[in-house]
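Trainee: First the structure, which I've put down as structure tokens, then a few questions once you've had a look.
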């Protein structure tokens, strides 16, 4: 099973339902795309790529764009080649993106036509005779690097959306550049889904290649855990370079639900974002970092996000330290029934590894003592162990967390 097959199954059942909504929040009506159009646009892109690309060895295609109505179709189009997509954030430092593209040995990259000038000007290591051809709002660029090394200082790799780094974490499915010899199987045709880099906060960023088989259990488990239906609206809160975006996109599009996308600039405007999410589009499932939630401020959280009448059924917080229970209690309006989850994971084990639903009695408790919120239970296909200093699994006491899939 692949990510694109999950979406195709949903499209067969819900072809006329809204798959994607893009709201620029500029007093213009939102743009909608149904499932039929989603898969049609993706198939056209796949055909274009097969005609214009000479795929040999690893099939990875870069994607350089901002969020928009066609974003999910572009990702699906790459996956259906079949190839893996490697997202490049136009706002990332060119030094970091250049390092990533070179270390991945990217041969082709799809660039949003609106951003082609920015792309060309940002990467002066590209050969001047670079080949390009256009298709439906995209420019396919064949990368030709000048004869330079991919050099990056450790401090260049920091990014806004960090996950706590666990040393000695293990993964039997993913392939990072530091452990490629044991992971060659992920480079087989039909196997690889996407390629990302870690934050680089503890050294140079690592390239992580994720097979479909590693990320699909996340998607399938969250669909069940959050009880996703075609009536749900999920928000694309994460940038493509942050692997929870894969969960947000495919939990929605494999369920017949709708995926709401807004420009990055709107995410920085709390009042505007709250109105778009909970008044205009009635978002029901939100996966976010605590930083994004705190950006609303306690008043907006209580009056909109976690109000008694909110549309939000599920709030899943991860990627950073979970908020204190005292803060959560203060943020919730009396009568709020939103289910709140603590989710935890690292990029090397395909996004999320554990989940814990905060019990209602804990949220409603009047005790002033702030107990730590546990990591909870392993997600489908994930192995979690705590080991002592000698590497032996333990049931109690202090140790180091090992994650695997």
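Trainee: Take residue 251 and decide whether it is assigned to a helix (DSSP H, G or I) and surrounded by fewer than 23 Cβ atoms within 10 Å (Cβ to Cβ). If you could, list the steps in order and put the result at the bottom.
Mentor: Values: assigned to a helix (DSSP H, G or I): yes; surrounded by fewer than 23 Cβ atoms within 10 Å (Cβ to Cβ): no.
So residue 251 fails the test.
Trainee: So residue 343 passes all but one of these: (1) out of contact with any helix residue (DSSP H, G or I) (no Cβ under 9 Å at 6 or more places or on another chain); (2) in contact (Cβ under 8 Å) with a residue 12 or more places away in the chain; (3) outside any loop (DSSP other than H, G, I, E, B). Which condition number does it fail?
Mentor: (1)
Trainee: Among (1) within 25 Å of the chain's Cα centre (by Cα); (2) at pLDDT 95 or above, where does residue 382 come up short?
Mentor: Tallying (1) within 25 Å of the chain's Cα centre (by Cα); (2) at pLDDT 95 or above, residue 382 fails exactly one: (2).
Trainee: Residue check: is residue 327 surrounded by fewer than 20 Cβ atoms within 10 Å (Cβ to Cβ), more than 23 Å from the chain's Cα centre (by Cα) and outside any loop (DSSP other than H, G, I, E, B)?
Mentor: Numbers: surrounded by fewer than 20 Cβ atoms within 10 Å (Cβ to Cβ): yes; more than 23 Å from the chain's Cα centre (by Cα): yes; outside any loop (DSSP other than H, G, I, E, B): yes.
Here the answer is yes, as residue 327 does meet what is asked.
Trainee: Which one of 110, 71, 63, 79 is surrounded by fewer than 22 Cβ atoms within 10 Å (Cβ to Cβ) and either modelled with pLDDT under 95 or touching a helix residue (DSSP H, G or I) at 6+ places or on another chain (Cβ under 9 Å) (or both)? Break it down into steps so the answer makes sense when it comes.
Mentor: Numbers: 110 fails: surrounded by fewer than 22 Cβ atoms within 10 Å (Cβ to Cβ); 71 fails: surrounded by fewer than 22 Cβ atoms within 10 Å (Cβ to Cβ); 79 fails: surrounded by fewer than 22 Cβ atoms within 10 Å (Cβ to Cβ).
Matching residue, one of 110, 71, 63, 79: 63.
Conditions tested, residue by residue: (1) part of a helix (DSSP H, G or I); (2) within 14 Å of residue 195 (Cβ to Cβ).
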{"residue": "21", "(1), (2)": "no, no"}
{"residue": "26", "(1), (2)": "no, no"}
{"residue": "40", "(1), (2)": "yes, no"}
{"residue": "43", "(1), (2)": "yes, no"}
{"residue": "63", "(1), (2)": "no, yes"}
{"residue": "109", "(1), (2)": "no, yes"}
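Trainee: Out of curiosity, is residue 367 part of a loop (DSSP other than H, G, I, E, B) and in contact (Cβ under 8 Å) with a residue 12 or more places away in the chain? Please lay out each step first, then the result.
Mentor: Values: part of a loop (DSSP other than H, G, I, E, B): yes; in contact (Cβ under 8 Å) with a residue 12 or more places away in the chain: no.
Criteria not met by residue 367.
Trainee: To continue, here is another question. Between 303, 307, which is outside any helix (DSSP H, G or I), over 20 Å from the mean Cα position of the chain (by Cα) and at pLDDT 95 or above? Quick ask: steps written out before the conclusion?
Mentor: Details: 303 fails: outside any helix (DSSP H, G or I).
It is 307.
The values are calculated or read from the model by the stated rules, or taken from the named source; none is laboratory data. Everything quoted here is computed from the prediction, not taken from an experiment. When we count neighbours, we look across all protein chains shown, and the Cβ atoms used for this are built from the backbone with ideal geometry, even at glycine.
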